[in-house]
Amino acid sequence: MNEYSDSKVKIANGKFTSRLIIGTGKFSNYQINKQALEASGAEIVTVAIRRVNLTDKNKPKLTDYINPKKYTFLPNTAGCFNAKEALRTLRLAKELGGWDMVKLEVLSDEKTLYPNMIETINASEKLVADGFKVLAYCNDDPVLCKILEETGCSAIMPLGAPIGSGLGILNPLNIQLIIEQAKLPVILDAGLGTASDASLAMELGCEAVLVNSAIAEAKFPILMAKSFKNAVIAGRQCFLAERMKKKNYGHATSPMENLISRR
């Protein structure tokens, strides 16, 4: 690998060129979702099994617009508030589409939508034992993220801010600590509001980012999807380039020796 090249990101058993994952929720219709996906360059899309129509032929189906043979579907457990619900949902996903790479999301309450980490850890242990490749949505807590890693998860997905808030990354330090200790891909999930948030996540060293609301709720979602594509690429390149060290004082960009006399 030369100094400017970058390898594909490995998540579970797959390798992907794009480091941007987008959702299939909140878009006004599946056609716009499809166009945004194409503009984003993403290869993975999350699918809320409990909310997205995959089977009812009398209504528009997601798979009529987004081909599961072309894109990697990542079933998630959005709307689940305990391990039992999450396990049932993901086992159904495996029956429906044979999907074993899944996003585990167990929420604590409907107001904050913060993860219930006790239920998340319990569910991840059972899913891993059943052969699932688990990408676990979690708090930005380095200790709990390490426990999730030890359960056998395939990726850690700490939040940047509450789901759908658009507040960006509220605690960059914790995200950095999680990345430094992790032996798994760290995928920033939830709370991103604009392209610069995604760029920052990549600059911190995240392997990828997951974006839904920031694209779906933009005035022009297709254009926003393209901006996130560019931001993720720029942030990753910045990380690989290794930024200059910060200094407390000014530092001349030209040598101070042998200056032309001011007289």
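FYI, it's all coordinate maths here, none of it is from the lab. Bear in mind that the values here come from a model prediction, so they are computed numbers and not experimental data. Heads up, the Cβs are rebuilt from the backbone with ideal geometry, glycines too, and the neighbour counts pull from every protein chain shown.
Quick look at the values:
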{"quantity": "Modelled FRET efficiency - R0 22 Å, Asn230 with Asp64, Cβ distances, 0.05 increments", "calculated": "0.15"}
{"quantity": "Sparse-neighbourhood loop sites, trypsin sites (Lys or Arg not before Pro) in region 39-117 - DSSP loop, at most 10 other Cβ within 10 angstrom", "calculated": "Lys57, Lys69, Lys70, Lys111"}
{"quantity": "Of [x] 54, 21, 15; [y] 44, 25, 15; [z] 36, 22, 17, the label for semi-axes √(5λ) of the Cα gyration tensor in Å derived from the coordinates", "calculated": "[z]"}
{"quantity": "Length added when fully stretched, Arg50-Ile32, from 0.36 nm per residue minus Cα-Cα", "calculated": "4.4 nm"}
{"quantity": "Where a label projected 7 Å from the Cα of Asn13 along Cα→Cβ would reach, residues of region 107-131 with amide N under 12 Å", "calculated": "131"}
